[in-house]
Amino acid sequence: MKIEFYKYQGTGNDFVMIDNRNDQFPKNNTKLIEQLCDRKFGIGADGLILLENDNSTDFRMVYYNSDGNQSSMCGNGGRCIVAFANFLGIIGTSTRFEAIDGIHEASITEKNSKTSIVSLGMNDVSAVERINGAYVMDTGSPHYVSFCDSVKELDLVSEGRKIRNNDMFRESGINVNFIAARGGIFSMRTYERGVEDETFSCGTGTVAAALAIAMEGKSNSEMPVIIHTKGGTLEVAFEKHDQGFSNIRLIGPAEMVYEGIIETI
């Protein structure tokens, strides 16, 4: 079986992107998806994304974690699929598309030959819990956000796995984020469920981090929160209300790395 694919990355969060408008990709083949995402025996990626036809929007996004299982919303993947749809000529500089958590709208604000700056609208967040001093919320995917003195010195994989696999979160899983603030500069690292490792960036995690920063009173709605991840810088704009957050936007680069054809047995 020959599969044409495109490799995209958004601040180091990388994806195998496939145009599946012809419905030819075997979507239920978990082992195949896991193989394609394998960094030693496949293409290598944090996840695989299918672009499909949709009756009410420009296209549908179907996202799989690198373990081969379909997962919840991926913010960086959402930004990358917008750039991919533009490359394919499906959309211009603005779009509405369907994802697992509903309809998203997005726009491309800048573009060169390989990289687009994509502003992605995210769902409103109304419920934020405090658990053991951390913030827990769903920004399209479930996130645990904790503040620390330094993310650089943190044993992230060990600490992230402890939280992700504790009794409270083990069954459904949760993404674990740590934020450090120094002189108004915010840095974060993320342990992602499904990948079960650190990723260079996480879009929905960055949104969760920005909202936690706002809950801590370290930012306001007047200016986007700028967050530095291991793979680059993202911005999160939002409006804060008594009942939660609305008009949330995740803004950052999406880059096509390469394209190719892989033959599977």
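The values are calculated or read from the model by the stated rules, or taken from the named source; none is laboratory data. Remember, predicted model here, so these are calculated numbers, not experimental data. Using ideal geometry, Cβ is built from the backbone for each residue, glycine included, and neighbour counts are taken over all protein chains shown.
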Scanning the range 194-238 for residues that are β-branched (Val, Ile, Thr) and part of a loop (DSSP other than H, G, I, E, B) gives Val195
Residues of the range 153-170 being in a loop (DSSP other than H, G, I, E, B) and under 21 Å from the mean Cα position of the chain (by Cα), in sequence order, are Asn165, Phe169, Arg170
Here the residues within the range 120-141 that are under 25 Å from Val82 (Cβ atoms) and not in a loop (DSSP other than H, G, I, E, B) are Leu120, Gly121, Met122, Val125, Met137, Asp138
Result of the Cβ filter at 9 Å on the range 1-28, keeping first residues that are assigned to a loop (DSSP other than H, G, I, E, B) and partners that are of a type in the set (Phe, Trp, Tyr), at least 6 apart or interchain, is Thr11/Phe200; Gly12/Phe200; Arg21/Phe59; Lys27/Tyr64
The one condition Asn247 fails out of (1) modelled with pLDDT of 95 or more; (2) within 23 Å of Ile43 (Cβ to Cβ) is (2)
Practice prompt. State yes or no: is Ile179 modelled with pLDDT of 95 or more and of a type in the set (A, V, I, L, M)?
Written response: yes
Of the residues in the range 37-58 that are in a loop (DSSP other than H, G, I, E, B) and within 18 Å of the chain's Cα centre (by Cα), the one that is surrounded by the fewest Cβ atoms within 10 Å (Cβ to Cβ) is Gly44
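From Ala181, Ala254, which residue is in contact with a strand residue (DSSP E or B) (Cβ under 8 Å, 6 or more places away or on another chain), over 19 Å from Met137 (Cα atoms), assigned to a strand (DSSP E or B) and free of Cβ contacts under 8 Å to residues at least 40 places away in the same chain?
Values: Ala254 fails: free of Cβ contacts under 8 Å to residues at least 40 places away in the same chain.
Exactly one of Ala181, Ala254 is in contact with a strand residue (DSSP E or B) (Cβ under 8 Å, 6 or more places away or on another chain), over 19 Å from Met137 (Cα atoms), assigned to a strand (DSSP E or B) and free of Cβ contacts under 8 Å to residues at least 40 places away in the same chain, namely Ala181.
Any idea which of Ser107, Ser116 is at pLDDT 95 or above and under 25 Å from Arg189 (Cα atoms)?
Ser116
Do we find that Val118 is in contact with a strand residue (DSSP E or B) (Cβ under 7 Å, 6 or more places away or on another chain) and surrounded by 23 or more Cβ atoms within 10 Å (Cβ to Cβ) in this structure?
On the way: in contact with a strand residue (DSSP E or B) (Cβ under 7 Å, 6 or more places away or on another chain): yes; surrounded by 23 or more Cβ atoms within 10 Å (Cβ to Cβ): yes.
So Val118 fits the description; yes.
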Ile117 passes all but one of the listed conditions (1) of a type in the set (A, V, I, L, M); (2) closer than 25 Å to Ile33 by Cβ; (3) not in a helix (DSSP H, G or I); the exception is number (2)
